[in-house]
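> There's a structure below that I have some questions on.
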Amino acid sequence: MSQPVRVAERRRDANRDVNRAIPDATIARLPIYHRVLGQLVESGVSTVSSEELAGACGVSSAKLRKDLSHLGSYGTRGVGYDVRFLAYQIARELGLTQPWGVVIVGAGNLGHALVAYRGFASRGFEIVGLLDTHPDVIGQRLGSPGREVSVRPMADLEQIVLGGRAQIGVIATPAEVAQDVCDRLVAAGVRSILNFAPVVLAVTGDVEVRKVDLAVELQILAFHEQRRNDLIPEFDHPSDAEAFDPESLGEAINA
């Protein structure tokens, strides 16, 4: 038995005893680690230290090591991490070692952009359906050259999902119809949903929903920006706030 195989088997045996309950914060950082490791592989790097990998990922080495400890024992003291091996283990944990079918509901500007995004295919996600209700867009072929997808009517949603082709649903519709779309996806068997609509979806506990709200992200950035600049006045009484004129603040900033 070769040395790499023996090492892999020891690591596998050790990993059986690892607590598989991985914190949400760690899960959110795993795709970053995987992306950076992929870049290292493309650059021909075979091993990387925790300090080097942490720096490239924008986290502390202590946080990186703690995150990876939830997956198993993959580092070697004095050597670091085998880049390809660690990239594979993270990909396996993220479910990227098998293809996933994605159905997008909403063929407007956002849906159009999503179906044209080349990053899906390179990460193992296949757009198996693009749905809309508007008769003017049904039948159109959208996407990047060679990867076009025909827009199908909403009546085909259940057929796509129940046919076993779609495991993940993406909602790119206006807010007022997002809940209905979500209900239909769940009823058809989808348990993982990415929601771009500006609304909180009501789902049962066995359904995982990830919400993407660009306005909220901008508001968070605005919060940090105003903290740095200290531009927002403080009021001692509610009546003072009622008299506050935001336009005057803008004029003062631009003066």
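Laboratory data are not the source of any read-out in this text; all were calculated from the coordinates shown. Quick caveat: nothing in here was measured; it's all calculated off a predicted structure. We place every Cβ from the backbone using ideal geometry, glycine too, and count neighbours over all the protein chains shown.
> If you take the beta carbon distance between residue 126 and residue 223 as r and set R0 to 35 Å, what does 1/(1 + (r/R0)^6) give as a FRET efficiency, to the nearest 0.05?
0.40
> Round to the nearest 0.05 the FRET efficiency obtained for residue 159 and residue 116 when R0 = 22 Å and r is the Cβ-Cβ distance.
Given R0 = 22 Å and the Cβ-Cβ separation, E is 0.40.
> Could you state the principal axis extents of the C-alpha atoms in region 50-154, from the largest down, to the nearest angstrom?
62, 24, 23
> How far apart, in nm, are the 7 Å Cα→Cβ label points at residue 42 and residue 215?
3.5 nm
> Right, something else. Nearest 0.05, what FRET efficiency do residue 180 and residue 27 give at R0 = 41 Å with Cβ-Cβ as r?
0.90
> For residue 144 and residue 49 in the same chain, what is the full-extension length gain: residue separation times 0.36 nm, less their Cα-Cα distance, in nm? Don't skip to the end; give the middle numbers.
Numbers: separation 95, 0.36 × 95 = 34.20 nm, distance 3.81 nm.
The span from residue 144 to residue 49 would gain 30.4 nm if fully extended.
> Another one. Quick one: check the C-alpha center-to-center distance for region 173-202 versus region 31-73, whole angstrom.
Between the Cα centre of region 173-202 and that of region 31-73, the gap is 34 Å.
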